[in-house]
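The values are calculated or read from the model by the stated rules, or taken from the named source; none is laboratory data. Predicted, not measured: the structure shown is a model, and the values here were computed from it. Glycine gets a Cβ as well: all are built from the backbone with ideal geometry, and neighbour counts include every protein chain shown.
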Amino acid sequence: MGYVGPRTDDKALEVIMEGLGRLEYRGYDSAGVAVVAGALVETRKRSGKLSNLRSALQEAPLPQTATAIGHTRWATHGGPTDANAHPHRGGADGKLAIVHNGIIENFHGLRQSLLARGVRFTSETDTEVVAHLLSEAFTATGDLTQAIREVVASLDGAFTVLALHADQPHVLVGARRNSPLVVGLGEGENFLGSDVAAFIGYTRQALELGQDQIVTITPETYEIINFDGTPSQGKAYEVTWDAAEAEKGGYATFMEKEIHDQPHAVADTLRGRTDVDGNLALDELHISEDELKVVTKVVIVACGTAAYAGMVAKYAIERWARIPVEVELAHEFRYRDPVIDAHTLVVSISQSGETMDTLMAVRHAKELGSRTISICNTHGSTIPRESDAVLYTHAGPEIAVASTKAFLAQITASYILGLYLARLRGEQTDTAAVMGELKEIPAKIEKLLGTMDRVREIAYFMADSRAVLFLGRHVGFPVAMEGALKLKELAYIHAEGFAAGELKHGPIALIEPGQPVFIIVPSPDSEHGLHGKVVSNIQEIRARGARTLVIAEEGDTDVEPFADEVIRVPRTLPLLAPLLTVVPLQVFALHLSTAKGLDVDQPRNLAKSVTVE
Ligand code: F6R
């Protein structure tokens, strides 16, 4: 993040540290700041969490000024050491510093040329190359904006770079290619950040930058140009949430708060979706309904938790709209020469809207002539901006690295899309009944959350588990995989989610006495006798000594003889069940992580927004 404040003021460092606190979820293996201090730029940086940087600043305070940049890092090139932490200085005169997100793919060649010119490096990062190039360009031009414009022309890869120079003490410059950067517009002060969380404590007026653009801010002005030097204008918007929503609100962790936000996330995503005639509405639609009517295939691209939301969507869209749906991990889709065309609708699902793997999949789909719809939680982020249509989820800011409320909102939005496509295609789906039941879901989640004491006890009891299995069938299958993912990332326990029908084809060999297994049981109302089949699966693993932790609908007594524990969820339509059955699994992972004394909100090796491929 970057800040330029009133020339007479000196709160830059305070603003930056507060902003970094809100951005830390994006990366937390090291952090640093740089300020303009008289004729020079000074930096402080430390490996580890932001608290290490705070201590460093207490031990050796920086001079207070009006202009500063800061960074929290998720290491790509060079380990998470003090030396590799950002900001990085460029040149030997101590006047310039930059911070950078992304990867400079051609950094090696650039570094060799700089070394040949006698430049000395102090880190192993790709970023330092940019800092030195920028310093050289500034020496030649005397202007930071001009210098950055020259330098970006020589860079390959994805980047957001922010730079400051002591000779232009009230100027900050930012440039972006394939990596997020937003401008915050204050009164006599301006901000740059990877996302609006950076400055939400100060202003809700934001400006979106386009691809390949440079922004120059001073306390009173901002100016945007394209990489080719032509002037441009950003798209102004008002952030719809405030600083309080990005606080823990009395909960011990962001994850716990976000789990409890879920009734709102679902309700807010549903709100305003039907007009007076009962038609369903998308947020931004630049594809005609006629084009959507002739779609012959839907391909959903996403990563991680969002991909599991996509798997749930497949069941619903195929059922309601009678279109074949494929779900694919975005990074696999992009590089396997997918067979798609103008009659394919590619639906991306992403909380951040910046996941590079997903963005690349969307771009590839567009190159192949397909139509693209984005289901996204972050207004104005890159993926929705580059898609033909957008269905925003309204989960509010998700700060905990492990996704919870965004997942429920993504599933909700997928149902809306499924019903919309069904209507366009004239399918006889009882939209009113589904929408009616969806509207009941927030209250049901609320009720469910009030019954989680036993789940917490089970989690504490199981803190020493070495492996946990999760079984599900139909829409319960992606829920099983999501339950396993939550446990892996939060409690560092080996966990696998299986399709219950697959058990006898291999995984049942894993069952030994005492092995804990969660089973997500379909509603007794499910078609094709699915409920009975899963009850049989429970018996099969119980007979081999498994400890069975059964998630079943209220009133489902069939499971009781074979369950070591029964966790009840309210009744709903079978296709909507994931909005409820996943909740105990989220709560379980949260408490097991807490029981092990781990950092729930910032698990090791992860970052919230994966903006590199
Ligand atoms: C897991 C998790 C990740 C994300 C994935 C995609 O808890 O959060 O698996 O779901 O990295 O991120 P978005 O949705 O931002 O594209």
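Laid out as a table, the results:
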| quantity | calculated |
| --- | --- |
| Output for region 147-193, where each listed residue is small (Gly, Ala, Ser) and within 22 Å of Thr65 (Cα to Cα) | Ala163, Ala166, Gly174, Gly184, Gly186, Gly188, Gly193 |
| Sole residue being over 24 Å from Ala281 (Cα atoms) and out of contact with any Cys (no Cβ under 7 Å at 6 or more places or on another chain), chosen from Leu329, Leu345, Leu368 | Leu368 |
| Residue selected from region 378-411 under the condition closer than 21 Å to Val362 by Cβ and among the polar types (S, T, N, Q), by the criterion farthest from the ligand (Cβ to nearest atom) | Ser387 |
| Residue within region 210-219 that is in contact (Cβ under 8 Å) with a residue 12 or more places away in the chain, of a type in the set (Gly, Ala, Ser) and either more than 16 Å from the ligand (Cβ to nearest atom) or assigned to a strand (DSSP E or B) (or both) present | yes |
| Selection from region 346-357 of residues that are closer than 20 Å to His379 by Cβ and over 11 Å from the mean Cα position of the chain (by Cα) | Val347, Ser348 |
| Pair list, Cβ < 7 Å and 6+ apart or interchain, from region 293-321 residues that are over 9 Å from Pro478 (Cβ atoms) to residues that are within 10 Å of the ligand (Cβ to nearest atom) and among the aromatic types (Phe, Trp, Tyr) | Thr305/Phe407 |
| Pairs, first away from the ligand (no atom under 13 Å from the Cβ) in region 478-500, second of a type in the set (Ser, Thr, Tyr) and part of a helix (DSSP H, G or I), C-beta under 6 Å, six or more apart | Val479/Thr581 |
| Candidates Val362, Val401, filtered to the one that is within 11 Å of the chain's Cα centre (by Cα) and under 24 Å from Ile103 (Cα atoms) | Val401 |
| Residue in region 100-120 that is at positive phi, surrounded by fewer than 15 Cβ atoms within 10 Å (Cβ to Cβ) and outside any helix (DSSP H, G or I) present | yes |
| From Ile511, Ile538, residue being more than 27 Å from the chain's Cα centre (by Cα), surrounded by fewer than 22 Cβ atoms within 10 Å (Cβ to Cβ), touching a residue at least 12 places away in the same chain (Cβ under 8 Å) and away from the ligand (no atom under 16 Å from the Cβ) | Ile511 |
| Scope region 61-86; condition in a strand (DSSP E or B) and free of Cβ contacts under 8 Å to residues at least 24 places away in the same chain; matching residues | none |
| All positions within region 558-594 that are within 16 Å of the ligand (Cβ to nearest atom), of a type in the set (S, T, N, Q) and under 16 Å from Tyr308 (Cβ atoms) | Gln586 |
| Test: residue in region 412-427 that is part of a helix (DSSP H, G or I), of a type in the set (Phe, Trp, Tyr) and within 14 Å of the ligand (Cβ to nearest atom) | no |
| Region 595-611, residues that are more than 16 Å from Tyr28 (Cβ to Cβ) and either free of Cβ contacts under 8 Å to residues at least 40 places away in the same chain or within 12 Å of the ligand (Cβ to nearest atom) (or both) | Gly597 |
| Selection within region 510-529 - of a type in the set (A, V, I, L, M, F, W, C) and either modelled with pLDDT of 95 or more or not in a helix (DSSP H, G or I) (or both) | Ile511, Val517, Phe518, Ile519, Ile520, Val521 |
| Residue within region 231-240 that is touching a helix residue (DSSP H, G or I) at 6+ places or on another chain (Cβ under 8 Å) and either assigned to a loop (DSSP other than H, G, I, E, B) or at positive phi (or both) present | yes |
| Test: residue in region 142-154 that is more than 30 Å from Leu114 (Cα to Cα) and in contact (Cβ under 8 Å) with a residue 60 or more places away in the chain | no |
| Search result, residues across region 327-351 that are part of a loop (DSSP other than H, G, I, E, B) and within 15 Å of the ligand (Cβ to nearest atom) | Gln351 |
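Results for (1) without any contact (Cβ under 8 Å) to a residue 60 or more places away in the chain; (2) out of contact with any strand residue (DSSP E or B) (no Cβ under 8 Å at 6 or more places or on another chain); (3) more than 23 Å from Gln262 (Cα to Cα), shown as yes or no for each residue.
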| residue | (1), (2), (3) |
| --- | --- |
| Ile340 | yes, no, yes |
| Gln351 | yes, no, no |
| Ser370 | no, no, yes |
| Ile411 | no, yes, no |
| Leu424 | no, yes, yes |
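So that you can scan it fast, the table gives a plain yes or no per residue for (1) at pLDDT 95 or above; (2) more than 25 Å from Tyr251 (Cβ to Cβ):
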site: Lys366; (1), (2): yes, yes
site: Pro397; (1), (2): no, no
site: Ala406; (1), (2): yes, no
site: Tyr415; (1), (2): yes, yes
